[in-house]
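Peer 1: The structure follows.
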Amino acid sequence: MAERFDVELRTVTKRFGSFTAVKDVSLGIRQGEFFSLLGPSGCGKTTNLRMIAGFELPTAGSILLGGKDVSQLPPFKRNVNTVFQNYALFPHLSVIDNVAFGLEMKGIAKNEISKRVSKALEMVRLPDSGNKKPNQLSGGQRQRIALARAIVNRPQVLLLDEPLGALDLKLRKAMQLELKELQRQLAITFVFVTHDQEEALVMSDRIGVMDHGVLRQVGTPEEIYDRPADRFVADFIGDTNFLPCQVVDYRDGSAHVQVAGMTMTASSDHALTANTDAFLAIRPEKVQMYPAGASHNPDEERFAGVIVEEVFMGTDTRYVVELAPQTQIVVRQQNMNVASSRFALGQTVDVGWEAVFARVLVS
Amino acid sequence: MTQRRKALLAFLLGPGAGWLLLFFLLPGALVIIYSILTRKDGGGVLWIVDFSSYAKLFGPTDGALINDFMIIFLRSLWWAALTSAVCLLIGYPLAYFIALQPAHVHSSYLFLVLIPFWTNFLVRTYAWKFILNNNGLLNTLLQDWGFERVALINTPTAVLIGLVYGSLPFMVLPLYASIEKLDFDLVEAAQDLGANYLSVFRRIILPLTAPGIGAGVVLVFIPVSGQYIVPTILGGGKVAMLGNLLAQQFGPALNWPFGSAISVVFMVLLMVGVVFYLRSERRDGEAGL
Ligand SMILES: Nc1ncnc2c1ncn2[C@@H]1O[C@H](COP(=O)(O)OP(=O)(O)O)[C@@H](O)[C@H]1O
Ligand SMILES: [Mg+2]
């Protein structure tokens with residue numbers, strides 16, 4: 001039997017007129033998981049979320065909650081709640097009435113409602129704001145009330161559409177940790193939409209990366225970062241060097257490729273055919289840099305080059321090294337030495353990396 | 001305040017203040033003064049202070065609970081209330097429908113709502129007479145289709161139809177304005193929290209569009225309560241409203257002070273209503289609406 005998911009999308013497609021916003025997405029989200037949908041603006045994240053909530057019906061495919069097909073159910077019949085991007089708090093109701101709204105709709109007894117509302121307000125650490133109106137709250141407070149209004153219903157799944165997008169950087173960082181902690185306590189499945197790759201990496205158990213309506217890769221933050229499935233994912237998450245290369249051969253996850261006239265070992269998760277044009281993807285921080293001719297780890301691939309650019313960034317320095325005409329690579333070096341003993345512009349250096357960090361990407 | 005700012009303020013407020021003075025305060029004051037003067041045979045007033053008009057208005061009831069004038073007052077208020085209610089029932093769905101259309105067609109729909117204003121109200125009311133007459137368009141059609149004819153003209157129903165027809169745009173426009181401003185994300189948020197369509201309407205849409213309802217009711221209620229044309233043409237004078245009473249006093253009865261007294265009492269009544277309305281509006285405004 002197939003694994004049972006809390007939320008499952010089966011070959012879901014959503015078209016608006018002739019425009020396809022979500023294209024054949026299949027995805028299973030596990031119970032209690034913090035799952036992020038990550039991708040650039042306009043890639044279909046919100047549309048996906050709205051289909052799970054029931055605000056949009058899929059053009060094709062089906063959506064399952066707790067194993068039941070809910071594709072055709074209206075939002076108020078689905079046991080999910082949403083934290084909206086703009087919070088969508090009811091302006092004419094007090095904070096308490098906002099938070100109590102969902103429970104009232106379920107017909108829960110008055111004293112039970114007030115107990116659960118106070119508890120929810122405590123959980124978001126705003127126990128004393130109950131009688132205020134939403135327009136008397138700061139952005140950060142509104143965000144917390146929107147959160148309280150959703151979690152007070154103890155939904156099976158909580159959907160969050162860029163809930164931290166409107167907050168300033170410092171508050172956002174604090175809320176990221178708080179939200180993650182809240183999710184751990186509640187053990188509710190979170191589906192979190194963001195275009196901020198760092199946010200997704202910090203918070204998620206797993207991430208689904210989307211581009212132009214297509215789900216490109218699903219995996220843990222480590223998998224996504226260290227083993228991107230394609231060039232889009234590698235490019236969107238973190239910085240990556242892409243060196244044009246040609247496949248020489250492939251066996252069991254290991255490949256030989258030609259880069260700038262040199263043959264070297266690299267890795268790939270899927271089989272490669274010889275002579276295919278591809279890209280070698282290497283993260284700048286995985287590249288080691290040595291003074292020219294210094295002895296080095298024999299497992300490492302090596303290139304000689306010249307430093308053509310140097311940017312000091314505090315904890316580390318970003319160098320651009322020219323390996324051959326038209327072939328440059330970005331290197332990040334942690335600044336562990338005093339300035340005078342660091343590499344300098346124009347210096348001839350050797351750069352190298354372990355084969356496992358060099359990924360061959362065909363598309 | 002500097003001299004220049006004072007001058008600027010006078011310049012900016014001047015036209016509005018002048019307008020109010022010329023078209024509201026002066027006529028108002030005139031009516032109040034007339035109401036406490038003496039009737040002059042053949043129209044106009046004698047400049048002798050006399051409160052008998054008010055005595056007549058609130059005066060003897062001939063044994064009934066209230067006198068005939070008060071009955072006309074109450075009837076006018078009742079008609080105004082009924083017309084407002086019917087306009088609201090028709091206008092709300094209509095305004096809601098327009099607000100839900102893609103933004104670029106809004107103005108076309110509003111244009112349709114406003115088209116009747118291109119023709120004089122009197123002419124349009126006569127047109128209704130032709131429609132509702134015993135041998136009019138409606139009855140001809142009914143007969144052609146094999147239905148009984150209906151006697152509508154010169155009945156309260158005909159008056160109501162005419163009043164609703166004439167007032168509907170004044171209800172639709174403020175309703176549209178407030179529904180159009182409504183943040184439909186709130187509707188989704190309520191649905192997300194388990195509210196069905198009825199609850200969404202009752203708990204979210206209705207309270208948030210209440211200012212539009214209030215404005216629409218005020219804009220319909222006040223003119224209708226003083227209506228003259230519709231009850232005269234479609235009611236055949238059988239359904240006397242305040243406007244008819246006034247016309248009679250300034251016309252055939254030639255009792256200007258009494259007509260003025262009626263106007264003053266009605267003005268005070270409406271002003272009290274409007275003040276209450278504005279105060280409740282402001283309270284809601286402070287509450288974050
Ligand atoms: N109701 C709609 N009608 C037409 N196009 C839409 C609608 N909703 C979304 N889209 C389009 O679908 C694409 C994906 O939108 P969305 O899911 O909101 O992206 P994201 O949340 O990733 O930024 C966008 O190009 C957007 O313009
Ligand atoms: Mg979005």
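Read-outs throughout are calculated quantities, based only on the coordinates presented, and are distinct from any laboratory measurement. If you're wondering where the values come from, they're calculated on a predicted model, not measured in any experiment. Don't worry about glycine lacking a Cβ; one is built from the backbone with ideal geometry, like all the others, and counts go over all protein chains shown.
Peer 1: Out of A:Asp226, A:Asp252, A:Asp211, which single residue is surrounded by fewer than 21 Cβ atoms within 10 Å (Cβ to Cβ), at positive phi and of a type in the set (Asp, Glu)? Quick ask: steps written out before the conclusion?
Peer 2: Values: A:Asp226 fails: at positive phi; A:Asp211 fails: at positive phi.
The conditions single out A:Asp252.
Peer 1: Output the number of residues of segment A:50-70 satisfying the condition of being at the interface with chain B (Cβ under 8 Å from one of its Cβ atoms) and farther than 21 Å from B:Ser199 by Cβ.
Peer 2: 0
Residue-by-condition table, conditions (1) more than 10 Å from chain A (Cβ to nearest Cβ); (2) assigned to a helix (DSSP H, G or I):
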position	(1), (2)
B:Gly166	yes, yes
B:Phe170	yes, yes
B:Leu173	yes, yes
B:Leu186	no, yes
B:Ala195	no, no
B:Val200	no, yes
B:Ile205	yes, yes
B:Ala210	no, yes
B:Ala215	yes, yes
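Peer 1: Inside segment A:1-43, can you point out the residues that are part of a loop (DSSP other than H, G, I, E, B) and within 11 Å of ligand 1 (Cβ to nearest atom)? Working first, answer last.
Peer 2: Taking segment A:1-43 first, the residues part of a loop (DSSP other than H, G, I, E, B) are A:1-6, A:17-18, A:30-33, A:39-43.
Residues satisfying the conditions are A:Gly17, A:Ser18, A:Gly39, A:Pro40, A:Ser41, A:Gly42, A:Cys43.
Peer 1: Would you be able to say whether some residue in segment A:44-56 is at negative phi and in a strand (DSSP E or B)? Even if it seems obvious, please write down each step before you answer.
Peer 2: Restricting attention to segment A:44-56, the residues satisfying the condition of being at negative phi are A:45-53, A:55-56.
Right, trim to in a strand (DSSP E or B) and you get none.
No: segment A:44-56 contains no residue that is at negative phi and in a strand (DSSP E or B).
Peer 1: Select, from A:Gly66, A:Gly61, the only residue that is surrounded by fewer than 20 Cβ atoms within 10 Å (Cβ to Cβ), small (Gly, Ala, Ser) and farther than 30 Å from A:Asp235 by Cα. Please lay out each step first, then the result.
Peer 2: Numbers: A:Gly61 fails: farther than 30 Å from A:Asp235 by Cα.
Sole residue among the options that is surrounded by fewer than 20 Cβ atoms within 10 Å (Cβ to Cβ), small (Gly, Ala, Ser) and farther than 30 Å from A:Asp235 by Cα: A:Gly66.
Peer 1: Could I ask something else about it? Within segment A:71-92, work out how many residues are more than 7 Å from every other protein chain (Cβ to nearest Cβ) and either outside any loop (DSSP other than H, G, I, E, B) or surrounded by 21 or more Cβ atoms within 10 Å (Cβ to Cβ) (or both).
Peer 2: Residues meeting the conditions: 6.
Residue-wise test of (1) in contact with a Pro (Cβ under 8 Å, 6 or more places away or on another chain); (2) within 19 Å of B:Gly243 (Cβ to Cβ); (3) surrounded by fewer than 14 Cβ atoms within 10 Å (Cβ to Cβ); (4) free of Cβ contacts under 8 Å to residues at least 60 places away in the same chain.
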{"site": "B:Ile32", "(1), (2), (3), (4)": "no, no, no, no"}
{"site": "B:Leu37", "(1), (2), (3), (4)": "yes, no, no, no"}
{"site": "B:Gly42", "(1), (2), (3), (4)": "no, no, yes, no"}
{"site": "B:Ala55", "(1), (2), (3), (4)": "no, no, yes, yes"}
{"site": "B:Asp62", "(1), (2), (3), (4)": "no, no, yes, yes"}
{"site": "B:Phe73", "(1), (2), (3), (4)": "no, yes, no, no"}
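Peer 1: Of the residues that sit in segment A:26-58 and are basic (Lys, Arg) and within 13 Å of ligand 2 (Cβ to nearest atom), which one is surrounded by the most Cβ atoms within 10 Å (Cβ to Cβ)?
Peer 2: Of the residues in segment A:26-58, the ones basic (Lys, Arg) are A:30, A:45, A:50.
Right, trim to within 13 Å of ligand 2 (Cβ to nearest atom) and you get A:45, A:50.
Values: A:Lys45: 26, A:Arg50: 20.
For segment A:26-58, the residue satisfying everything is A:Lys45.
Peer 1: So, in segment A:111-134, how many residues would count as being within 14 Å of chain B (Cβ to nearest Cβ) and under 29 Å from the mean Cα position of the chain (by Cα)?
Peer 2: 1
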